[in-house]
Amino acid sequence: MDNPPSKNVRLVLEYDGARYHGFQRQAGRATIEEELLAGMERILQQKVKISYAGRTDAGVHARWQVINFHTTRDIDPHRFRWALNCVLPQDIVVKRAEIVALDFDARKNAREREYRYYILNRAYPSAFNQRCLLVTRTLDIEGMKEACGYLEGTHEFNSFCKLEEEGTDTVRNLYQCECRKEEDFVILIFRANSFLRHMVRSMVGTIMEVGLGKMAPTGVREILESRDRRRAGATAEARGLFLWDVRY
């Protein structure tokens, strides 16, 4: 008897990462992947393996996370989205579901990823404190914009990452590094082909040093050229970071 044909399903997710230990499954810890697999396997009544565009860390959120999985079940994408949203926690939502080509892979086929970091720059906090970083001192926006300019382009980003093993390729093409002011928020936008571990939050922490007057904007260029993580600013808290978009 022939095996039923396989389907490749792509999902677009958004989630509030505040209470999770990141996306990737970890034994004994609450993760986005753990919740997804539990819900999907409950509906499909079969084990599945997922590929995902971005491995967000503990406390990091997503507006546009893309995953895909293969199944032999005959599913309707729209009904599956509805069913999965019924069983997932309220802080994880499936925005889109569709059948795609069998060779599509959410991680391998992604050509651009965009992250945004939200800084609330005012004297009092927000009711949504887990989705932004509060900085009460007035930030030097023009200095931060200048600092961002030194990071754009193709560089070795040794100074702005946590190396998981020796010999890791640290060259990345940062297409966009931008600082925007929107009402009480300072938004840092990073768009690249891919990112290293803690790369975005390390850059945020260093750019904030400029904003707080602790470093000249040109100091960011010097840190980048030094390839020395010890010279960069502290890794910014996860709460303000969003996986904003993935492009294929």
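Quick note: the coordinates plus some simple rules give every number you see, no bench work behind them. Note that this is a predicted model, so its numbers are computed, not measured. Methodologically, a virtual Cβ is constructed for each residue, glycine included, from the backbone with ideal geometry; neighbour enumeration extends over all protein chains shown.
At-a-glance table
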| item | result |
| --- | --- |
| Which of LYS49, LYS7 has the fewest Cβ neighbours within 10 Å, and the rest in rising order | LYS49, LYS7 |
| Candidate aspartates and glutamates - alpha carbon under 13 Å from LYS181, same-chain residues fewer than 8 apart omitted | ASP140, GLU142 |
| For the stretch 37-182: relative contact order, % (alpha-carbon pairs under 8 angstrom, 6 or more apart) | 16 percent |
| Relative contact order computed over the chain (Cα-Cα under 8 Å; 6+ residues apart), in percent | 24 percent |
| Residues TYR20, TYR248 arranged by fewest to most Cβ contacts within 10 Å | TYR248, TYR20 |
| Cα extents of the stretch 1-54 along the three principal axes, largest first (Å) | 46, 23, 16 |
| Share of Cα-Cα pairs in the stretch 112-247 lying beyond 23 Å, as whole percent | 27 percent |
| All lysines inside 25 Å of LYS7 as judged from Cα atoms, apart from same-chain residues fewer than 8 positions distant | LYS47, LYS49, LYS95, LYS108 |
| Ranking of TYR118, TYR52 by count of other Cβ atoms within 10 Å, fewest first | TYR118, TYR52 |
| Label-point separation, GLU182 to ARG230 (7 Å along Cα→Cβ), nm | 3.9 nm |
| Residue-span extension gain [ASN173 to ALA127] - 0.36 nm each, minus C-alpha spacing | 13.0 nm |
| Cα→Cβ-extended label distance, 7 Å offset, between GLU14 and GLU237, nm | 2.3 nm |
